[in-house]
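In what follows, a structure is listed as structure tokens, so that the remarks can point back to it.
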Amino acid sequence: MPGEQKRTTRRGFITTTATASMGLYLAACGGSSSSSSSAGGASSSAATSSAAATSSASGPVTLNNLFQQQAGYSAADLAGMTKLFEQANPNIKVNNTLVAYEALHDKIVAAAPAGTYDVVLGDCIWPAEFGSKGIVQDISSEVKTLPTSQIFPGALVMADYKNKYYGMPWILDTKYMYANGSMLKKAGVSPSSLTTWDGVVTALKQIKAKGLVKYPWLGSWSQAEAVVCDYAQLLGAFGGKFLDASGKPAFQSGGGLKALEFMKMMLDQGLADPASTSSLEEDVLKAFAQGKIAMNLNWTFQLAASLDPKQSQVSKDNVMILRTPAGTAGGPAPGCNGGQPVMITHGTKHPKEAWEFVKFITSQNVQNQYVADSLPIWSASYDDPAVIKKAGKQLVSVAKTQLPNMILRPQVANYNAASQALQVQIQDALLGKKSPQDALNSAASAFSSQGPPA
Amino acid sequence: MTDTTAQLPPAGTGRPPTPRAGGTSWRARTREGRFALALLAPSIIVVFGIVVYPILKTLYTSLFAVDTPFGGHFPWVGLDNYKFALQQSDFWSAILRTAYFTFLSTGFELVFGMGIALLLYAPLRGRWLFRTIVVLPWALPTIVNGAMWRYFFNAQYGVVNAALTQLGISSSYHAFLSSPFAALNIVVWADVWKNTSLVAFFLLAGLTTIPRDLYEAARVDGYGRWGSFVHITLPLLRPVIVVVLVLRTIEAFKVFDIIYVMTGGGPANGTQSIAFYTYQRAFSDEYFGYGSALAYLIVVFIMVLAIIYIRLLRSDNYGMA
């Protein structure tokens, strides 16, 4: 009989448990569906306005934002901008979370259903993906209230997908060429000869021949977005295109092929350090600052770090920032568009306050105060004596000529998958596992691939 | 004192209690059941919420073409995600790479762990200090461990290159992490460095259970140290070794964080493990359905390994079976 009692209890327990779990499961499924409907584009503006009304009426608001701790504005700059914003908007408190660039995309995606963040820092390659999937809001109407004609066209395009703005440009950056003036002088290289990639190769050979360094160039050619940025810059210089007019891959021939062959030649001739294939921009910066390389491509942030005696062994006078070279004399010399927009997430409960924050940190007045690591998106700032004084004449004069001429990586919704395939194929070519032509053909197939079953 | 005899059936009848007596106890039992359920409810919710629900949800997701982090109605694809994965050369490359990583790292951890365990078991003065030092690598977060080894092997300013050149072993710096095969082995080394101490402590716990008399008897029978190790230590440690192998193999097969930090899966996918491949497909590419199918395929591979080990455990005379 105790056994009988036990059996009854166990059965009851199992029944109750199964019912409870099924209930939980169904409840969770229901939750998913409702979040789906709220993710729809049609309900966006209604949700935005109602949420704005709610948040405004309910008093103090806290914004939770996600930024990166790497290239672009430093953590201290962001903290300074945030403090200014909070002083100007005492009813809004701002919590910024900073992660490495490599973690930024995935964290935005993973946090999207929960609506963890209100404002996120994006990249110029993500508006297509985030916009089409409803992860961030279309803020075209808000952006158009600003004097957009005064913003660099290369900055505006970074947040644009199918004529809608999915963010507001904030970091305006491109890869410049950095050179160690002392090494150039010792090798008898004139900086004026570095306007073409042929001139750069000649200079690197001279520096190597003089025995100043074993490998005068270091690329950020690790298996990451960094290698695509360097490749994009060379592709543009050699007159190539990522996609043709019909949107099909076009980088496997012409300038795209020349660009990869050029990178491979740099490694084969011992001009580029073999460590390039495992280096990111931070590694390149450190190598330059330690005087271990003569030249490299990098974002604006390298200049301030190289000029800082605490971080750099290269004297200030020998840190040179130059415009990225052209493929041939007089040819195009576009820098890779490394702009990053700030975006308002779809899950925010405070869209109005989020826009206020976005508008504030992207405003000309605020951006003009923080120019050490990233220059403003506003073209008029480049003639502002205060900005020129803070950023330095060298940087502003180079930026003024390079920023209006940038190459954008393809704006496609499956960019991440396509870029990863391109990264691996570029590395296969650089490591001699495939010819540049075969590697780019494989990458082009991946660009056109449909991916898993849909 | 309560009289329990009233609730019992008449001796020898074997019949259930009378309806009146049964009715009373049924109510009591229901009350008890409800009370028990109320007490269990929090743990049921937690277990179902964070263990069972995600497992079922992942299985469910793997049958659909889900390409957004939000919920909604997605096309049913059945087992196509699984079929697609099994047709991908990248998938099989990642599996082979992971198998290489697993067998190499687990093997080295076992060999080094055994050596360290024997040293720590030796009656040395200040043994507690050695035990504390040995446990430090395991206490270090994997992310820190990965970043540390990445800096150590850096081609420009890494301490390994500095040591090799200053000792005259190498004339120049080497880009260790730029070779896919070398990078994979360096990741194995970083994993071995971290987890050997855990294996050593498992084996040390096993060593302490072996009676000292056996060693004395072996010495009387003419066995040396090696003979005692082969004929006494190893057979008696076998159950612990199998448990350690199962745990470490499963952990190694799921390797992710150390690769994320040290190499990002590169160069040229040379260090991309199956867990890292799955993460990229799911979160970077937003193929959540496909990523879920990959996660289940990992489970299948781990289950196969676990079954092999469990069979080994059962065939063990000293085992738990």
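Quick note: the coordinates plus some simple rules give every number you see, no bench work behind them. Only a predicted model underlies this, so the values are computations on that prediction, with no experimental measurement involved. As a convention, Cβ positions derive from the backbone with ideal geometry for all residues, glycine included, and neighbour counts pool all protein chains shown.
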Filter the cross-link list A:K186/A:K434; A:K208/A:K286; A:K107/A:K390 down to pairs whose alpha-carbon distance in this structure exceeds 31 Å.
A:K186/A:K434; A:K107/A:K390
Of B:W76, B:V242, B:G291, farthest towards positive along the dipole that unit charges on Lys, Arg, Asp, Glu beta carbons give chain B:
B:V242
Distribution of pairwise C-alpha distances over the stretch A:290-416, 10 Å bins, in %:
10, 33, 34, 19, 5, 0
For the protein assembly as shown, with the dipole built from +1 on Lys and Arg beta-carbon atoms and -1 on Asp and Glu ones, taken about the Cα centre, which of A:I377, B:Y100, B:S25 lies farthest toward the positive end?
B:S25
Once normalised by the length of chain A, the mean sequence separation of its alpha carbon contacts under 8 Å that are 6 or more apart gives a contact order in percent of 23
Under 13 Å from the Cβ of B:V199, count the other residues' Cβ atoms, weight Lys and Arg +1, Asp and Glu -1, and hand me the total.
-1
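So, R0 is 45 Å and r is the distance between the beta-carbons of B:I250 and B:R225; what FRET efficiency does that work out to, to 0.05? Could the numbers behind the result be given before it?
Details: r = 33 Å, r/R0 = 0.74.
Given R0 = 45 Å and the Cβ-Cβ separation, E is 0.85.
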State, to one decimal in nm, how far the label point of B:R34 lies from the label point of B:E216, with both points 7 Å from Cα in the Cβ direction.
6.5
Which residue, chosen from A:A103, A:A88, A:S140, occupies the Cα position most advanced towards the positive end of the dipole of the stretch A:85-151, where the dipole is computed from +1 (Lys, Arg) and -1 (Asp, Glu) charges on Cβ about the Cα centre?
A:A88
Mind giving me the nanometre distance, one decimal, between the label points for A:L98 and B:S43, set 7 Å out from Cα along Cα→Cβ?
4.4
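So if R0 is 60 Å, what FRET efficiency would A:N405 and B:A163 give, r being the distance between their Cβ atoms, rounded to the nearest 0.05? Write down the numbers at each step before the final one.
Working: r = 46 Å, r/R0 = 0.77.
Computed FRET efficiency for A:N405 and B:A163: 0.85.
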Overall dimensions of the stretch B:19-61 as given by Cα atoms, namely Rg and Dmax in Å
16.8, 52
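Nothing charged except the Cβ atoms of Lys and Arg (+1) and of Asp and Glu (-1): what's the magnitude of the dipole of the protein assembly as shown about its Cα centre? Round to the nearest 20 debye.
On the way: 60 positive and 46 negative charges, 308 e Å.
Charge dipole, the protein assembly as shown, about its Cα centre: 1480 debye, nearest 20.
May I ask you to compute the full-extension gain from B:R127 to B:M303, defined as 0.36 nm times their residue separation minus their alpha-carbon distance, rounded to one decimal in nm? Write down the numbers at each step before the final one.
Values: separation 176, 0.36 × 176 = 63.36 nm, distance 3.86 nm.
Gain on stretching B:R127 to B:M303: 59.5 nm.
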When a/c reaches 1.5 or more, the comparison of a/b and b/c decides; with that in mind, is the protein assembly as shown rounded, prolate or oblate per its Cα gyration tensor?
oblate
Run the simple label-point estimate for A:K310 and B:W92 please: 7 Å along Cα→C-beta, distance reported in nm.
5.5
State whether the stretch B:89-314 is rounded, prolate or oblate according to the following rule on the C-alpha gyration tensor (a ≥ b ≥ c being the square roots of its eigenvalues): a/c under 1.5 gives rounded; otherwise a/b larger than b/c gives prolate, and the remaining case gives oblate.
oblate
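For the protein assembly as shown, give me the percentage of DSSP beta bridges that are antiparallel, rounded to the nearest 5 percent.
Values: 22 of 37 bridges.
Given both bridge residues lie in the protein assembly as shown, the antiparallel proportion sits at roughly 60 percent.
May I ask you to give the average projected area over all directions of the convex hull of the Cα atoms of the stretch A:371-454, in nm² rounded to one decimal? Display every interim value, and only then the final one.
Values: hull surface 33.6 nm².
The number I arrive at for the stretch A:371-454 is 8.4 nm².
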The stretch A:221-271 to the stretch B:269-304: how many Å between their Cα centroids?
29
Could you tell me whether the stretch A:234-355 comes out rounded, prolate or oblate from its Cα gyration tensor? Rule is a ≥ b ≥ c as square roots of the eigenvalues, rounded for a/c under 1.5, then prolate if a/b exceeds b/c, otherwise oblate.
oblate
What is the angle, in °, between the Cα long axis of helix B:142-152 and the longest principal axis of the Cα atoms in chain B? Nearest 10 is fine, range 0 to 90.
0
Here the net charge surrounding A:T348, from other residues whose Cβ is less than 14 Å away from its Cβ (Lys, Arg +1; Asp, Glu -1), is -3
Explain nothing, just compute: Karplus ³J(HN,Hα) = 6.51 cos²θ - 1.76 cosθ + 1.60, θ = phi - 60°, for every residue of the stretch A:268-282 in order, whole Hz, x for Gly and Pro.
4, 8, x, 7, 9, 5, x, 5, 4, 6, 10, 10, 9, 4, 4
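Give, rounded to the nearest 20 debye, the magnitude of the charge dipole that the stretch B:89-314 has about its Cα centre when Lys and Arg contribute +1 at Cβ and Asp and Glu contribute -1 at Cβ.
Working: 15 positive and 10 negative charges, 115 e Å.
With only Lys, Arg, Asp and Glu charged at Cβ, the dipole is about 560 debye.
Please report, in debye to the nearest 20, how large the charge dipole of chain A is about its Cα centre when each Lys and Arg carries +1 at its beta carbon and each Asp and Glu carries -1 there.
Numbers: 37 positive and 31 negative charges, 98 e Å.
The calculated dipole for chain A is roughly 460 debye.
Per DSSP helix of 4 or more residues, -39500 (n - 2.57); summed, then divided by the residues of the protein assembly as shown. What does that give at 222 nm, rounded to the nearest 500? Show your work: numbers first, answer last.
Working: 33 runs with 425 residues, N = 775.
That comes out to -17500 deg cm²/dmol.
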